[in-house]
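Contents: one structure, followed by commentary.
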Amino acid sequence: MSRKIAFQGEPGAFSHAAAHALFPADEALPCVTFEDTIAAVQHGDADYGVVPVENSLYGRITDIYHLLPESGLHINGEHFLRIEMNLLGLPGTTLEDIRSVQSLSVALGQCRKFISRHKLKTINGVDTAGSAREVAQRGDRTVGAIASRFAAEVYGLDVVAANIEDAAHNTTRFLVISKRPETPVRGSGKVKTTFVFRVRNVPAALYKAMGGFATNGVNMTKLESYMLDGSFTATQFYADIEGHPDDRNVQLAFEELNFFTDHFHILGVYPAASPD
């Protein structure tokens, strides 16, 4: 039986492409907001959610850092999606036919050189996938959209020009979330553990809390801080490490961390993916 996979955005969005790459045989469930995506999984309307957590050009997706730790959901996987911008047009359209291009303002900005070189007028859209849908509905060969190749498939458009982005290293990391943990067996492959913590209000608490990872040879690949409830004195940290909680060195690092924290919660233990 087909499972439902929630993502934020319209059909054809980059999040949809990530969900399809991870769950090609299952049904995608588009959601308007990140809150709706998480709620769909919480309430059982979706079996999994696929949400972006960071981008190589723009950094972290702030909403996810606030929503995920309080959701009660578990991280069960990750996926790196190369963000390739493409000029899409109606079937049979050539580059010479197109006079204007529509997309999300951020996407237009990422393709500034291509747009300038071909002297295209820009139209700000709500998002990339929505722009592709509107171009397909409008039926005007002079207007193209900048969106994913996946959006071209969804809306029956041609890829008029591929990989037109200025930066070749634009990649988004996505997380797979669900109501139940799917923790891999220790020793079954490369594993990441994601957790949140708050340090106690004592001098050098963060420095001391981090010391256990260094002395036990645990590689921390991410450490992010953010305010709680708008307070300048209440800070939560979000961290990724390489390793399994059952690894002895990770256990020792967590024991030391607990000496200096008043809150610690593992969000997920999952197979590590490669960004290449």
How large is log10 of I(q)/I(0) for the chain at q = 0.08, 0.14, 0.15 Å⁻¹ when the intensity is taken from the Debye formula with one equal scatterer per alpha-carbon?
-0.40, -0.99, -1.08
Which residue, Pro11, Pro52, Pro245, has the most motion in a Gaussian network model of the chain that connects Cα atoms within less than 10 Å?
Pro245
Segment 90-215: relative contact order as a whole-number percent, Cα under 8 Å and 6+ apart
26 percent
dims of segment 119-276, Cα set, principal axes, largest to smallest, nearest Å -> 64, 41, 31
Quick one: net charge of Ser2's neighbours, Cβ under 11 Å, K/R +1, D/E -1?
-1
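When the Kirkwood hydrodynamic radius is evaluated over all pairs of different C-alpha atoms of segment 77-137, what value in angstrom, to one decimal, is obtained? Before the final figure, lay out each step's value.
On the way: mean 1/r = 0.0799 Å⁻¹.
The Cα-based Kirkwood calculation yields 12.5 Å.
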Obtain the nm distance between the two label points defined at Ser116 and Asp63 by a simple spin-label model: each point lies 7 Å from its Cα along the Cα-to-C-beta direction.
3.1 nm
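Return one whole number: the accessible area per residue of the chain in Å², for a 1.4 Å probe. The partial results should precede the final answer.
Numbers: 13270 Å² over 276 residues.
So the chain comes to 48 Å² accessible per residue, rounded to a whole number.
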With every protein chain in place, segment 128-276: carbon and sulfur % of accessible area (1.4 Å)
50 percent
Give the separation of the Cα centroids, segment 1-69 to segment 175-205, in Å.
20 Å
Quick one: if you stick a label point 7 Å off each Cα along the C-beta vector at Ala204 and Thr142, how many nm between them?
7.0 nm
Using only the Cα atoms of segment 20-161, what are the Rg and Dmax in Å?
17.0, 52
Kindly provide the helix-only [θ] at 222 nm of the chain, computed as the sum of -39,500 (n - 2.57) over DSSP H runs of four or more divided by all residues, to the nearest 500 deg cm²/dmol?
-7500 deg cm²/dmol
Hey, rough spin-label estimate for Ser225 and Arg3, points 7 angstrom out along Cα→Cβ, what's it come to in nanometres?
3.7 nm
Classify segment 92-184 from the C-alpha gyration tensor, please: rounded if a/c falls under 1.5, else prolate or oblate depending on whether a/b exceeds b/c.
prolate
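Using DSSP, restrict attention to beta bridges with both residues in the chain and report what percent are antiparallel, rounded to the nearest 5. Mind showing how you got there, number by number?
Working: 45 of 62 bridges.
Beta bridges within the chain, antiparallel portion: roughly 75 percent.
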Kindly express, to the nearest 10 degrees and within the range 0 to 90, the angle between helix 248-259's C-alpha long axis and the longest C-alpha principal axis of the chain.
80 degrees
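Using DSSP to call loops (not H, G, I, E or B), can you name the chymotrypsin sites (Phe, Trp or Tyr not before Pro) in segment 1-89 whose Cβ has at most 12 other Cβ atoms within 10 angstrom? Present the calculation step by step, with values, prior to reporting the outcome.
Values: sites: Phe7, Phe14, Phe34, Tyr48, Tyr58, Tyr65, Phe80; in loops: Tyr58.
Answer by residue number: Tyr58.
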Expected-Rg normalisation [2.2 N^0.38 Å, Cα atoms] applied to segment 198-276
1.14
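The values are calculated or read from the model by the stated rules, or taken from the named source; none is laboratory data. A quick note: this is a predicted structure, and the numbers were derived from the prediction, not measured. Because the Cβ atoms are built from the backbone with ideal geometry, glycine has one as well, and the counts that use them run over all protein chains shown. The accessibility values were calculated without ligands, DNA or RNA, using every heavy atom of the protein model including side chains. Shrake-Rupley method; radii C 1.70, N 1.55, O 1.52, S 1.80 Å.
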